[in-house]
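This report concerns only the one structure given below.
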Amino acid sequence: MSESAITVTNLTKRFDDVTAIENLSLDIGWGELFGVLGPNGAGKSTLVNTLNTLLKPTDGSATVDGHDVEFDPEAVRGVIGVCPQEPAFYRFLTGQENITLMGEMHLVPEAVLKERVRAMVEKIGMEDHINRRAKDYSGGMIRRISMLMALVNDPKIALLDEPTVGMDPNSRRAVWDFIRELKSRGKTVILTTHYMEEAQELCDRVAIIDEGHLIELGSPAELIEKHKAKNLEEVFLNLTGKQLKEAV
Amino acid sequence: MNARRIIALTKKELRKTTREPAVLFLVILFPITVTFVFGLAFGGIGGGGTTSFDVGLLNLDATSPQADWSLAFVDNLTTSDVFVMHAFADNDSGHSALLQGNLDAFIIIPEGFGDSVASYYGSPFDPSAWTNSTIELYVDSGSLMAVSAIPPLVQEALMKAIFGNDAMAIGLPVEIGSPGLVESSTFTQWDFMAPGMFAFASIFLTMIVAQTITGERDEGLLKRLKTTPASSADYMISQTASYMVIAALQVALVLTTSFAIGYRPGTGVAGVVFTFVIAVAFSLVAVGFGLISATLCKSAEAATGVSFIFIMPQMFLGTFMPLGGAAEAISKFVPTKYVTEAITTLFLRGAPITTPVIWINLAIVSLAGLLLVAVGTVLFERYGSH
Ligand SMILES: Nc1ncnc2c1ncn2[C@@H]1O[C@H](COP(=O)(O)OP(=O)(O)O)[C@@H](O)[C@H]1O
Ligand SMILES: [Mg+2]
């Protein structure tokens, strides 16, 4: 096993005229539940999509489980579970079939897969709906299914891009419990969010990013203490003079 | 590349076919319906009831001293089961009857026809001594059946008139035997159309492939797959395999439906197996065109439109639409033409499975399919997958 679960070294990612990530470095340890916190457009998705091999770095590099994301993407894909920000699923398949298909892509042995899907579905509270076609699911159900699709390979490293955005409180609780349980089993989890309470509630450490720059890094408690703030929201406000969330 | 992944993705694709009503319609119900409706409309029922053609006749040589020749020719036409003859007194009325669809064909025997035949018998071995004449034959170009069946039957009647029933008896070195033509009198129009149904059914797979791939791209599913160990080869092979299965299913559906309404192809098990093989090979063409459509388009809706650029020519130039002139020449570039030609050779002409032309057709379709899938894959990976 590599020393760190994830390293990001002087990473820059540009799209034509937009610099989404600029000279960002991070080191994420095994078993960490690591939050990437920032407003919309901060570069969170760009960061995780570089880690999950969909995007190539413009400059700098990143490794996942010691594998370079740019030069050894196949190895990276073998150890990660990816929950994209926009849940992608086959509308004509049932929830069960969607999850199973992803397990098959990872070549999870058949018997293991069946039992694992059953257990995951139960844990996330979808057992009553799992044989319905995905096109009939509510937004919250889709997000839960999408999360199970990401984790069905029981990955060492989970990359979850805003898994709870727009979820009702109940679904969000279910997903939080699920993420905590991942951590308790020693998994490394990268979680992007723009909900400061989510980061505060779940994460061992958070990286606060804004406009592609890393502006603060530490455990929620450390950061609150350091900035003499009430919560992460205030930390962000102190750092940038901006609200983290658009006013609701 | 991994078999388990390919099978899983293929299963996914086949599930879509059965679960998405639009796909189900286009892939399964559409071929059944078209076969059923066309089969009934064009005479499938009863396994080939005899067709007859209304043929107009203007004999301009009826009063010449050598009128016997033309009368013998007319006799042969009249006694044939297939022709119902109608005499016309002038050119214009015959042509107008043909234009109005009252006739399937119009024959004009020229003045001097009898002299012409007589001159042949005067010096059979000296063509320079013959007085040539031309029988004018106008066939309703709107009727595929008429276009294909009438000219050879008229030719046959003419030969009989000139040489008699037994050409050998007059000592000609060449025998005119045309047993196939005699049989053609029991064909229905459907017999001519049915071979084209197989390619017709599969052409629309291009549209499904284009829609599927653009849809999966737009919904982020291709990206999602790319974050797993599945390779693009797994994906492309599964797409291809799915549509091979579907094309085979379509052959079974078209065969079963047309069989149910009385169609009996003039071939055996080997010919039927060959039909499955060439249809499966053709599905590669459909997938290739689908990939190219997907590359060219930003959305599933646009891909549907663009796929018709590939579908239309194949539908009109390569299935059961009658062709002539330029269309015939262009059809050489249309893969469906070769599918239809091979199946026509087997089903209509009753050619044996060893006939070289069908294997050449299969080779052309397979090569075109492999090439199009390769080109489509490269184009899509490079320009279309983002
Ligand atoms: N494919 C892309 N093409 C061009 N610009 C992009 C692309 N993806 C992201 N961006 C830009 O990069 C910046 C960061 O986006 P993103 O990483 O999605 O932010 P976040 O996930 O934090 O909301 C934004 O300004 C966004 O418009
Ligand atoms: Mg994002």
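Details
- Subset of region A:201-221 [more than 26 Å from residue A:173 (Cβ to Cβ) and assigned to a helix (DSSP H, G or I)]: none
- Taken as a whole, the condition of being surrounded by fewer than 15 Cβ atoms within 10 Å (Cβ to Cβ) and either among the small types (Gly, Ala, Ser) or touching a residue at least 40 places away in the same chain (Cβ under 8 Å) (or both) does not apply to residue A:183.
- Region A:13-38 - residue that is surrounded by fewer than 19 Cβ atoms within 10 Å (Cβ to Cβ) and within 12 Å of ligand 1 (Cβ to nearest atom) and, of those, farthest from the other protein chains (Cβ to nearest Cβ): A:19
- For the condition away from ligand 1 (no atom under 15 Å from the Cβ), farther than 24 Å from residue B:225 by Cα, away from chain B (no Cβ under 14 Å) and modelled with pLDDT of 95 or more, residue A:9 qualifies.
- Options A:115, A:122: the member that is more than 14 Å from chain B (Cβ to nearest Cβ), at pLDDT 95 or above and more than 20 Å from the chain's Cα centre (by Cα): A:115
- The single condition among (1) facing another protein chain (nearest Cβ under 10 Å); (2) within 16 Å of ligand 1 (Cβ to nearest atom); (3) of a type in the set (A, V, I, L, M, F, W, C) that residue A:105 does not meet is (2).
- Flag for residue A:135 being over 24 Å from residue B:221 (Cβ atoms), more than 16 Å from ligand 1 (Cβ to nearest atom), more than 13 Å from the chain's Cα centre (by Cα) and in contact (Cβ under 8 Å) with a residue 40 or more places away in the chain: no
- Flag if residue A:190 is of a type in the set (Val, Ile, Thr), surrounded by 21 or more Cβ atoms within 10 Å (Cβ to Cβ) and assigned to a helix (DSSP H, G or I): no
- Positions within region A:4-34 being in a strand (DSSP E or B) and of a type in the set (D, E, K, R), in sequence order: A:13, A:14, A:22, A:27
- The set of residues in region A:193-248 being touching a residue at least 40 places away in the same chain (Cβ under 8 Å), closer than 18 Å to residue A:48 by Cα and in contact with a His (Cβ under 9 Å, 6 or more places away or on another chain) is empty.
- Check on residue A:42, within 16 Å of ligand 2 (Cβ to nearest atom) and touching a residue at least 12 places away in the same chain (Cβ under 8 Å): yes
- Residue tally, condition modelled with pLDDT of 95 or more and within 16 Å of ligand 1 (Cβ to nearest atom), over region A:40-84: 23
- Residue in region B:301-320 that is free of Cβ contacts under 8 Å to residues at least 12 places away in the same chain and closer than 21 Å to residue B:38 by Cβ present: yes
- Qualifying residue in region B:104-112 (condition: of a type in the set (Gly, Ala, Ser) and at pLDDT below 85): no
- The conditions of being part of a helix (DSSP H, G or I), more than 7 Å from chain B (Cβ to nearest Cβ) and farther than 15 Å from residue A:155 by Cβ are not met by residue A:85.
- One residue stands out among those in region A:169-215 that are of a type in the set (Val, Ile, Thr) and within 16 Å of ligand 1 (Cβ to nearest atom): the one that is nearest to residue A:158 (Cα to Cα), which is A:190.
- Restricting region A:137-166 to residues that are among the hydroxyl-bearing types (Ser, Thr, Tyr) and more than 16 Å from ligand 2 (Cβ to nearest atom) leaves a set whose member that is surrounded by the fewest Cβ atoms within 10 Å (Cβ to Cβ) is A:138.
- For region B:269-297, residues that are surrounded by fewer than 24 Cβ atoms within 10 Å (Cβ to Cβ) and in contact (Cβ under 8 Å) with a residue 40 or more places away in the chain total 7.
- Residues of region B:1-13 satisfying the condition of being surrounded by fewer than 17 Cβ atoms within 10 Å (Cβ to Cβ) and more than 9 Å from chain A (Cβ to nearest Cβ): B:1, B:3
Results for (1) part of a helix (DSSP H, G or I); (2) assigned by TED's automatic domain parsing to the domain that holds residue B:279; (3) in contact with a Gly (Cβ under 6 Å, 6 or more places away or on another chain); (4) without any contact (Cβ under 8 Å) to a residue 40 or more places away in the chain, shown as yes or no for each residue.
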site: B:197; (1), (2), (3), (4): yes, yes, no, no
site: B:206; (1), (2), (3), (4): yes, yes, yes, no
site: B:213; (1), (2), (3), (4): yes, yes, no, no
site: B:216; (1), (2), (3), (4): yes, yes, no, yes
site: B:224; (1), (2), (3), (4): yes, yes, no, yes
site: B:234; (1), (2), (3), (4): yes, yes, no, no
site: B:237; (1), (2), (3), (4): yes, yes, no, no
site: B:240; (1), (2), (3), (4): yes, yes, no, no
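- Lone qualifier among A:198, A:181, A:127 - being away from chain B (no Cβ under 14 Å), of a type in the set (Asp, Glu) and more than 30 Å from residue A:110 (Cβ to Cβ): A:198
- One residue alone among A:17, A:27 is modelled with pLDDT under 95 and either away from ligand 2 (no atom under 13 Å from the Cβ) or under 25 Å from residue A:243 (Cα atoms) (or both), and that residue is A:17.
- Residue identified as away from chain B (no Cβ under 14 Å) and within 16 Å of ligand 2 (Cβ to nearest atom) among A:217, A:191: A:191
- Scan region B:217-229 for residues that are surrounded by 24 or more Cβ atoms within 10 Å (Cβ to Cβ) and more than 7 Å from every other protein chain (Cβ to nearest Cβ) and the total you get is 0.
- Residue match in region B:19-28 (condition: touching a Leu at 6+ places or on another chain (Cβ under 9 Å) and either exposed (fewer than 14 other Cβ atoms within 10 Å of the Cβ) or within 14 Å of chain A (Cβ to nearest Cβ) (or both)): yes
The values are calculated or read from the model by the stated rules, or taken from the named source; none is laboratory data. Everything numeric in this text was worked out from a predicted model, so none of it was measured. Note: ideal-geometry Cβ built from the backbone for every residue, glycine included; neighbour counts use all protein chains shown.
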